[in-house]
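Read through the structure below, which is laid out as structure tokens, and then see the notes.
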Amino acid sequence: MWGLVRLAVCAALLSACRAQYEYRWDSDLFGRSYGKRPQCVDIPDDLRLCYGVGYSQMLLPNLLEHERMEEVKQQASSWVPLVNKKCHPGTQVFLCSLFAPVCLDRPIYPCRWLCEAVRDGCIPIMQVFGYPWPEMLTCDKFPEGDVCISMPSPNASVATTSGYSPVCPPCDNEMKADVILDHMCASEFAFKAKIKEVKTEDMDRKVVLQKKKKMMKQGTLQKEDLKKLVLYLRNGAHCPCQQLDNLKNQYLIMGRKVDNQYLLTGIHKWDKSSTEFKKTIKKLKTYKCPEYVNVFK
């Protein structure tokens, strides 16, 4: 993995410098203070964002000032659906360099250009779901050179390596149980329903639902909200969405409220002939979502 190649270079550079100075962990290059010296701990298998990323141990506290593993897992879980969208090939390495930094003698941050590349590649998808790029990941605070976590080439083409699809992000028909559950947990509500009609409104698509709905996850939706619920596919007027072209099927529909608008965050055909889908629905009955902490404000 290209991320590990650069990390190995970092380790070599740090080893060469070790004799010249002792790095102090009470503050880092950006003036970030640490209450205690970070320790190497195993990356737990339920830290899905970074488990299997290419190294087995991480520093705790991490580079986002999370001191407890539970806090790391809560915050990191919010990003798993974005990594699944493959909006940039460096998304996981960038995020894991902060959430689960590799064990070295001093904190090594991601390069500024990597942050900018991931941000620019992923913001269009985040906007569809009503999320801004979070302040804690402002790219200006990351180093431009010297020792930082990078990728082989800052000019690598995202279009040829990311696997990004022009399909509307909530409509990609990924039927793996874990992916559907991730999207379910990242959404505020979910239900089984049919679609009455779909309209184009400015650059959005307006999804009008039939009255009958079977709730899978209620969230903060009230009965009054359900009766007149209309979902919007933000900036989705022209991107392909096969599910919205066939109004005969029933769908597992997910969404969240942003300001005064309900956004469509996921839609999957309610397909009882699919073993994977049946497995997902069965798992839903006992599945406990992580406590999501809103990291996008």
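Quick rundown of the values:
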{"read-out": "Top-ranked residue of segment 231-248 - restricted to ones that are surrounded by 13 or more Cβ atoms within 10 Å (Cβ to Cβ) and polar (S, T, N, Q), ranked as farthest from residue 212 (Cα to Cα)", "value": "235"}
{"read-out": "Residue list for segment 204-230, restricted to those being within 26 Å of the chain's Cα centre (by Cα) and surrounded by fewer than 11 Cβ atoms within 10 Å (Cβ to Cβ)", "value": "220"}
{"read-out": "Residue within segment 276-291 that is assigned to a loop (DSSP other than H, G, I, E, B), in contact with a Phe, Trp or Tyr (Cβ under 7 Å, 6 or more places away or on another chain) and not basic (Lys, Arg) present", "value": "no"}
{"read-out": "So residue 120, is it farther than 22 Å from residue 183 by Cβ, surrounded by fewer than 19 Cβ atoms within 10 Å (Cβ to Cβ) and touching a Leu at 6+ places or on another chain (Cβ under 8 Å)", "value": "no"}
{"read-out": "Close pairs (6 angstrom Cβ cut-off, 6 or more residues apart or separate chains): hydroxyl-bearing (Ser, Thr, Tyr) in segment 80-95, in a helix (DSSP H, G or I) anywhere", "value": "91/83; 91/118"}
{"read-out": "Output for segment 79-109, where each listed residue is among the charged types (D, E, K, R) and under 24 Å from residue 67 (Cβ atoms)", "value": "105, 106"}
{"read-out": "Residues being more than 26 Å from residue 251 (Cβ to Cβ) and at pLDDT below 85 - total across segment 122-179", "value": "14"}
{"read-out": "Residues being out of contact with any strand residue (DSSP E or B) (no Cβ under 8 Å at 6 or more places or on another chain) and of a type in the set (S, T, N, Q) - total across segment 210-266", "value": "4"}
{"read-out": "Selection status of residue 272, touching a helix residue (DSSP H, G or I) at 6+ places or on another chain (Cβ under 9 Å), over 27 Å from residue 77 (Cβ atoms) and part of a loop (DSSP other than H, G, I, E, B)", "value": "yes"}
{"read-out": "Conditions (1) at pLDDT 90 or above; (2) surrounded by fewer than 17 Cβ atoms within 10 Å (Cβ to Cβ): number failed by residue 15", "value": "(1)"}
{"read-out": "Filtered residues of segment 263-287 (kept if closer than 12 Å to residue 190 by Cβ, under 23 Å from the mean Cα position of the chain (by Cα) and aromatic (Phe, Trp, Tyr))", "value": "287"}
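Condition check ((1) without any contact (Cβ under 8 Å) to a residue 24 or more places away in the chain; (2) under 23 Å from residue 204 (Cβ atoms)) across all residues:
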| position | (1), (2) |
| --- | --- |
| 218 | no, no |
| 222 | yes, no |
| 243 | no, yes |
| 261 | no, yes |
| 275 | yes, no |
| 283 | no, no |
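To keep it simple, each residue is scored yes or no on (1) outside any helix (DSSP H, G or I); (2) outside the structural domain of residue 191 (by TED's automatic domain parsing); (3) touching a helix residue (DSSP H, G or I) at 6+ places or on another chain (Cβ under 6 Å).
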position: 221; (1), (2), (3): yes, no, no
position: 224; (1), (2), (3): no, no, no
position: 231; (1), (2), (3): yes, no, no
position: 244; (1), (2), (3): no, no, no
position: 247; (1), (2), (3): yes, no, no
position: 262; (1), (2), (3): yes, no, no
position: 266; (1), (2), (3): yes, no, yes
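The values are calculated or read from the model by the stated rules, or taken from the named source; none is laboratory data. Here the structure is a predicted model, which is why all the values come from computation and not from measurement. Positions of Cβ are backbone-derived with ideal geometry, glycine not excepted, and every protein chain shown enters the neighbour counts.
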